[in-house]
Each structure stands twice: as structure tokens, then as C-alpha cells.
Amino acid sequence: MTDEITVVKCGGGLSLDHEAICRDLAALPAGRAVLVHGGAAELDLLAGRLGVPQRRLTTPSGSSSRYTDPATLEVLLMALAGKVKPALVASLARHGARPVGLTGMDARLVTAKRTATHRAVLSGRKVVIRDDHSGRIRTVDPSLLVTLLDAGCLPAVSPPAIGEDGEAVNVDADRAAAAIAGALARSRPVRLVLLTAAPGVLRDPADESSLMPEITVSEEPSGDAAIMGGMTAKLQAAHDALVAGVGTVVIADGRVAHPVRDALAGAGTTVKRVATVGSL
């Protein structure tokens, strides 16, 4: 369909070919693509240079996330909005696109509820965390994206989101991509490509030849036996996008010469939602 929007999420891993990703995105029809990006690797590098220790929080159920204390939130803003995004915008422009760099805070594009207090395991101890500036996405207002797309631009979006108190909230970039794709899908067809440092979802994370060309996710993706090798967040995001009406979700390799083109041509893993009784 000529009006189909392609939302591409690229992570911040140093092994991904960001130049190739931008080249492929710029080759898509004008006004038909959105880039959502993270920047974990650059955040870690900058935090190291600034002497800001980085820690992980593990919930009692076992899920892990970055501990976004106030100092880390500052580093996150500098890394994503100050380094990663300008580099991606410059690359997109070099390849002929009309990029516009945004965070979820701009025009209240992505709003989130900060988790003010939660229990976690930190350095082997059960603690109550009160200064973590991360949270869950509540809403996406796609109106600015629609305006930019209709003008032939290519939005490049990253965390943070904006909280209910007007402060920055760190959110998972995969979930942000899914939420943005789902919001756009309310008015036009959308496909979502999640690029990663692997050929797709692997049966054996240590064997890149064990690619699963297709996988289904249930109502609770974290319970699927096939989730392994760090794919949990991506499969949860894929499930969220499919529930929200996104037509196609692909998890594919961001390290190859044509990451987006190959993913749209059938490379990687196509994620499908398990059919429920009511949908039959």
C-alpha cells in the first residue's frame, strides 16, 4: 500500500551499521518512514568518561532495566539527544532524507508514568528504589509525526518520554517504537522493523544459523519458551504493536549492508500473534 508507514527501531549497539540503516531509510518514499533509536552503548561510554556509575535493577520476577538515577538521566539526555540523534540526523540528511530529530518529550509525543517507588534487587540486595527516573509509556500523540510525515520529513525519535509532572522519564526504546507504530496504525497501515545485533530470533543464541523465520507470541510474551538471548523486550514490543493494530512486525539484523531493505524483503524473524478464540 502506497500510504504504508515503516517504523524502524535501531538500538545503540556499536555493532549495528547505523549508516546503512539511514541509507535504507532515506531510500524509502518521502514521508513514509519513522526512525526510533536508543543509545545504550554511547550512554555507557559517556557515563564512563564522566565518572557516573551505571547499575542494573532486577525486579523480583527477574526482568532487568537500567537504574536511571538523576545523574544517569542527565547522561542519557546528553548521549541520546546530544550525540546519537545528531549523528543519525546527519546521516539521514547525507542520503537525501529530510530528517527531524525529536525526543518523546517534544510536543508531548510520548507520555509515561514514572515508577516512583518499586522493589528491586540491586547488587544482590533487595531494596526499595525511590529515585529511579524510568517508567511505563501511557500514551502516544502521533499528531506531530503525522504532520511531519505529510510534509515529506523523516522523524527520528528517542527516549525520554515526558512524565505527568513534566519531567523526563526514561522508557524502553523498543516499547516506544511499538507504541509509536501502534498510534500511527490508528489512521494508516504500519509495519514495524526492530533491528538488532543478530539475524533475528535464534533457537540457540550462540548459533546464528538457528534463525527462526517466524515466531508467535502469546498474551504474555515473557512466558514463551522461544524467548532467549536478550530478545524478551523486543518480543514484548512486537506483541504490543500487533495488539495495537500494526500489520507486520519483523526482528532483523542491523549489521548487514541493507538492514531495512532486507527485513522488508523477508529476512529476519516475522512475529505473529497467537490467535485467540474470539478472533477465529
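Quick look at the numbers
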read-out: Count of residues meeting criterion [in a loop (DSSP other than H, G, I, E, B) and surrounded by 22 or more Cβ atoms within 10 Å (Cβ to Cβ)] in the range 247-263; value: 1
read-out: Test result for LEU73, closer than 13 Å to PRO159 by Cβ, in contact with a His (Cβ under 6 Å, 6 or more places away or on another chain) and open to solvent by 10 Å² or more (accessible area, probe 1.4 Å); value: yes
read-out: Some residue of the range 110-127 being under 30 Å from PRO29 (Cα atoms) and open to solvent by 70 Å² or more (accessible area, probe 1.4 Å); value: no
read-out: Contacts under 7 angstrom Cβ, first residue in the range 185-197 being of a type in the set (S, T, N, Q), partner open to solvent by less than 10 Å² (accessible area, probe 1.4 Å) and modelled with pLDDT of 95 or more, 6 or more apart; value: THR196/ILE251; THR196/GLY254
read-out: Subset of the range 6-45 (residues that are among the hydroxyl-bearing types (Ser, Thr, Tyr) and at pLDDT below 95); value: SER15
read-out: Qualifying position, being at pLDDT 95 or above, surrounded by 24 or more Cβ atoms within 10 Å (Cβ to Cβ), more than 17 Å from VAL7 (Cα to Cα) and in contact with a Leu (Cβ under 8 Å, 6 or more places away or on another chain), among VAL201, VAL271; value: VAL201
read-out: Spans of helices (runs of 4 or more DSSP H) in the range 17-125 with at least 2 residues over 18 Å from PRO160 (Cα atoms); value: 18-27, 40-50, 85-94
read-out: Qualifying residues in the range 150-162 (those that are buried (at least 19 other Cβ atoms within 10 Å of the Cβ) and not hydrophobic (A, V, I, L, M, F, W, C)) - the one nearest to ALA27 (Cα to Cα); value: PRO155
read-out: GLY230 touching a strand residue (DSSP E or B) at 6+ places or on another chain (Cβ under 9 Å), under 28 Å from LEU77 (Cβ atoms), surrounded by fewer than 24 Cβ atoms within 10 Å (Cβ to Cβ) and modelled with pLDDT under 95; value: yes
read-out: Cβ-Cβ under 8 Å pairs, at least 6 apart or on other chains, the range 46-63 side modelled with pLDDT under 95, far side of a type in the set (D, E, K, R) and loosely packed, with under 13 Cβ neighbours inside 10 Å; value: THR59/ARG119; PRO60/ARG119; PRO60/LYS126
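Listed here are the residues, each with its yes/no results for (1) open to solvent by 10 Å² or more (accessible area, probe 1.4 Å); (2) among the aliphatic types (A, V, I, L, M).
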position: ALA33; (1), (2): no, yes
position: ASP44; (1), (2): yes, no
position: GLY51; (1), (2): yes, no
position: THR59; (1), (2): yes, no
position: SER63; (1), (2): yes, no
position: ALA79; (1), (2): no, yes
position: VAL89; (1), (2): yes, yes
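The values are calculated or read from the model by the stated rules, or taken from the named source; none is laboratory data. Everything numeric in this text was worked out from a predicted model, so none of it was measured. Glycine gets a Cβ as well: all are built from the backbone with ideal geometry, and neighbour counts include every protein chain shown. Side chains are part of the model used for accessible areas, which takes the heavy atoms of the whole protein and leaves out ligands, DNA and RNA. Shrake-Rupley method; radii C 1.70, N 1.55, O 1.52, S 1.80 Å.
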